[in-house]
1. Could you list, in sequence order, the residues of segment A:9-21 that are surrounded by 24 or more Cβ atoms within 10 Å (Cβ to Cβ) and at positive phi?
2. I need the full set of residues from segment A:69-112 which are within 13 Å of RNA strand B (Cβ to nearest atom) and of a type in the set (Val, Ile, Thr), in order please.
3. Within segment A:22-33, can one find any residue that is near RNA strand B (Cβ under 10 Å from one of its atoms), farther than 21 Å from A:Phe283 by Cα and open to solvent by less than 20 Å² (accessible area, probe 1.4 Å)?
4. Please work out if A:Lys192 is in contact (Cβ under 8 Å) with a residue 12 or more places away in the chain, closer than 30 Å to A:Ile8 by Cα and assigned to a strand (DSSP E or B).
5. Does A:Asn125 qualify as being under 29 Å from A:Pro11 (Cα atoms) and within 13 Å of RNA strand B (Cβ to nearest atom)?
6. Contact list please: Cβ distance under 8 Å, first residue in segment A:55-84 and in contact (Cβ under 8 Å) with a residue 40 or more places away in the chain and over 17 Å from A:Val108 (Cα atoms), second residue within 11 Å of RNA strand B (Cβ to nearest atom) and assigned to a loop (DSSP other than H, G, I, E, B), pairs at least six apart or on different chains.
7. Considering only segment A:34-48, how many residues are hydrophobic (A, V, I, L, M, F, W, C) and either open to solvent by 30 Å² or more (accessible area, probe 1.4 Å) or in contact with a Pro (Cβ under 9 Å, 6 or more places away or on another chain) (or both)?
8. Could you tell me which numbered condition A:Gly248 fails, if it satisfies all but one of (1) outside any helix (DSSP H, G or I); (2) in contact with a strand residue (DSSP E or B) (Cβ under 6 Å, 6 or more places away or on another chain); (3) of a type outside the set (Lys, Arg)?
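The values are calculated or read from the model by the stated rules, or taken from the named source; none is laboratory data. Computed from a predicted model, the values in this text were never measured in an experiment. Cβ coordinates were reconstructed from backbone atoms using ideal geometry, including for glycine residues, and neighbour counts include every protein chain displayed. Quick note on the areas: whole protein, heavy atoms, side chains included, nothing else; ligands and nucleic acids left out. Shrake-Rupley method; radii C 1.70, N 1.55, O 1.52, S 1.80 Å.
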Amino acid sequence: MTKHLIIITGPTAIGKTRVAIKTAYFLNTEIVSADSRQIYRELSIGTAVPSAAELNSIKHHFIHSHSIHDNYNASRYETEAMELLEKLFKKYNTVVLTGGSMLYIDAVCKGIDIMPDVDPELRQNLKTKLNDEGIESVRFQLKQLDPEYYKQVDLKNPARIVHALEICLMTGKPYSSFRTSFNKKRPFSVTKIGLDCNRAELHQRINRRVDEMIEAGLEKEARGVYPFKHLNSLNTVGYREFFAHFNGEISKEKAVELIKRNSRRYARKQLTWFRKDAEMNWFHPQDSEKVIEFIQNKIEKI
RNA sequence: GGUGCCAUAGCUCAGUUGGUAGAGCAACGGACUGAAAAUCCGUGUGUCCCUGGUUCGAUUCCAGGUGGCACCA
């Protein structure tokens with residue numbers, strides 16, 4: 001029996017949860033979340049996790065399953081998601097995966113090259129070097145250790161250069177030797193549903209949702225994790241703006257305004273990524289019936 | 001009703017001694033393989049309020065109109 005993974009994605013605040021739940025309900029299956037921030041149990045309001053009622057109606061995975069202290073990443077997600085899918089596909093022929101984390105979705109569909117875990121101490125050292133000596137110094141070091149990748153990398157992007165260096169230094173081999181861009185074979189078919197609407201409507205949805213988050217007590221939630229503000233997991237829209245407010249750098253009003261703006265920019269970035277995906281089938285978030293109909297047809301054909 | 005000031009990008013405004021214009025913010029486009037809600041790159045998007053007049057040429061000068069603000073009635 002062929003197994004099917006239905007992916008429901010789209011920009012932040014578009015209404016993925018609702019469509020995913022309707023779809024999972026119709027297919028009588030469970031939902032796997034592909035959201036790099038809803039995965040943290042310390043974050044709820046600012047990441048817009050599904051409501052208790054929604055979580056009760058359909059079994060969800062990777063919601064609040066990890067801690068902000070866990071040092072999570074896309075590769076760990078790939079491993080854990082694939083293990084989970086193997087189990088779920090023993091029980092179901094179809095599983096719904098939903099979320100807006102582009103790289104996490106790709107990790108499930110195509111896989112990520114195998115590399116060693118990054119040593120946090122090494123990362124800190126390289127960050128310090130970057131800070132003290134400037135981007136030139138890490139650039140130069142990368143040129144020595146991996147001239148091949150040096151030719152391709154965005155030389156203005158410190159995160160890319162630092163990561164390549166990390167791998168070179170930890171393995172003694174060039175980073176480029178790990179980059180196969182090989183798409184892993186998956187034991188299931190993939191159907192991608194992209195949700196989108198016109199931009200003005202999307203901005204309205206985002207602004208409204210941020211206002212709801214504020215009413216629901218986002219400030220208090222952010223205050224609670226403020227001591228850990230340096231963690232990557234908290235370099236997150238909705239939290240870092242409040243941290244700036246707690247630091248006395250900006251007013252609360254300004255923080256709220258920035259959360260809205262940064263959410264809009266995040267949505268735009270997601271759309272840029274999804275748009276170039278030729279496998280995406282686009283729908284309006286109100287058209288969940290059409291989505292289900294489309295999926296039904298697709299599954300019957302395979 | 002009278003007088004004065006203003007009208008330029010989505011917003012706040014600059015500017016052109018007459019040769020169709022530029023800042024900030026917002027917005028938009030793109031890259032992306034173990035930080036991805038991260039990180040980085042790029043782009044002015046415009047009936048210069050309307051209608052006439054002067055002029056080779058008006059967003060700019062003049063007149064009228066419309067709208068806004070202030071003050072006086």
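1. A:Gly10
2. Residues satisfying the conditions are A:Thr79, A:Thr98, A:Ile105, A:Val108, A:Ile112.
3. Looking for residues that are near RNA strand B (Cβ under 10 Å from one of its atoms), farther than 21 Å from A:Phe283 by Cα and open to solvent by less than 20 Å² (accessible area, probe 1.4 Å), one finds none in segment A:22-33, hence no.
4. Values: in contact (Cβ under 8 Å) with a residue 12 or more places away in the chain: yes; closer than 30 Å to A:Ile8 by Cα: yes; assigned to a strand (DSSP E or B): yes.
So A:Lys192 passes the test.
5. Here the answer is no, as A:Asn125 does not meet what is asked.
6. Matching pairs, first to second residue: A:Ile68/A:Leu43; A:Ile68/A:Leu231; A:His69/A:Leu231.
7. Of the residues in segment A:34-48, the ones hydrophobic (A, V, I, L, M, F, W, C) are A:34, A:39, A:43, A:45, A:48.
From the residues that got through so far, the ones that are either open to solvent by 30 Å² or more (accessible area, probe 1.4 Å) or in contact with a Pro (Cβ under 9 Å, 6 or more places away or on another chain) (or both) too are A:45.
Residues in segment A:34-48 being hydrophobic (A, V, I, L, M, F, W, C) and either open to solvent by 30 Å² or more (accessible area, probe 1.4 Å) or in contact with a Pro (Cβ under 9 Å, 6 or more places away or on another chain) (or both): 1 in total.
8. Condition not satisfied by A:Gly248: (2).
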